[in-house]
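A quick write-up on the structure given underneath.
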Amino acid sequence: MKKIFFTAAAISIVVVVWGQQQQGMITYRSTIQMQGAGTLRVAGGREIQGPEAAALQKQLDQPRISHFELLFGNNKTLWQSAIEQPEAAEPAPQAGNTQIRLNFIGGDDAVMYTDLTTGLLTEQRELNEKKYLIRDTVMPLKWKIEGITKTVLGYTCQKATAIRYGKRMVPRMQDGKFEEKEVADTTSIIAWFTGSIPVAAGPASFQKQLPGMILEMDINNGRQVYTAVAISSKVAVDKIREPSGKTRISRAAFKAEMERSRKRMMEQFKNTDRSGNIHIQAVGM
């Protein structure tokens, strides 16, 4: 009887181990809600008012949707834009003869490779038609596991929360002139992760964070939301490799280059655009 019991227990352990997904591909839906634009103005400082302003604001309130893929296997991950976007891109917002141009810096073009064993992250970003390679170390946040669960795509997920502290530039109109001011930026994050995929990974740069795969994430109360919409156990593991390139740069230097690009765009907006268009600039997460 003892021998039979031991054999059954051993089989049970094998089933549990093989029942956990160690590699695969997850498709995420990213939704970005533009923050309130305040007073709407066109180039030259003319304020937009009345029905035109209401129509433009309605367009701005529409979320920006895109899709990404996370490939994982051999304790490595690769984050990239989905080859096929399930939803067609929306045309530029327009009301009357005024069109809004949304300028996103460092957003959907990013490719991120992470070695979960060493915690090293290599990020490929494109700026001004030039590709940069940024090598960095993943910095785990201080997470609090809340003891609350819910089901995502059939996987039981646990809720975890964290706060990320940083700084950001806020553009504003002061005495008819555009200015930018650096302000403290506190980001609240809610993540839902599953131990059924025991890989410490998730969307975008949120790698090596929690003891399981993050399938949903809410950043700043809906300002940006990632939701897993498809999970597959099939993946070409050989494609999970570090991006290559010659232009290597530190994260601090890349941020400085982004700021210079932002200022150049603001100058173009102020000095060269007389078309009556509204330009709104956003920086990728």
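What follows is calculated from the coordinates using simple rules that are stated; it is not laboratory data. Remember, predicted model here, so these are calculated numbers, not experimental data. Note that each Cβ is placed from the backbone with ideal geometry, even for glycine, and that neighbours are counted across all protein chains shown.
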Highest mean first, what order results for 127-136, 73-82, 197-206 on Cβ atoms within 10 Å? 197-206, 73-82, 127-136
Of LYS130/LYS167; LYS130/LYS208; LYS159/LYS208; LYS76/LYS130, pairs whose Cα-Cα distance is over 18 Å: LYS130/LYS167; LYS130/LYS208; LYS76/LYS130
Which order, highest average first, do 247-254, 215-222 follow once you tally other Cβ atoms within 10 Å for each residue and take the mean per peptide? 215-222, 247-254
Amide H contacts of ALA82 (H built 1.01 Å from N, under 5 Å, at least 5 apart or other chain): HIS67, PHE68, GLU69
How large is ³J(HN,Hα), in whole Hz, for each residue of the range 231-247 in order, when computed from phi with the Karplus curve 6.51 cos²θ - 1.76 cosθ + 1.60 and θ = phi - 60°, using x for Gly and Pro? 10, 10, 8, 8, 7, 7, 4, 5, 7, 7, 9, 5, x, 10, x, 9, 8
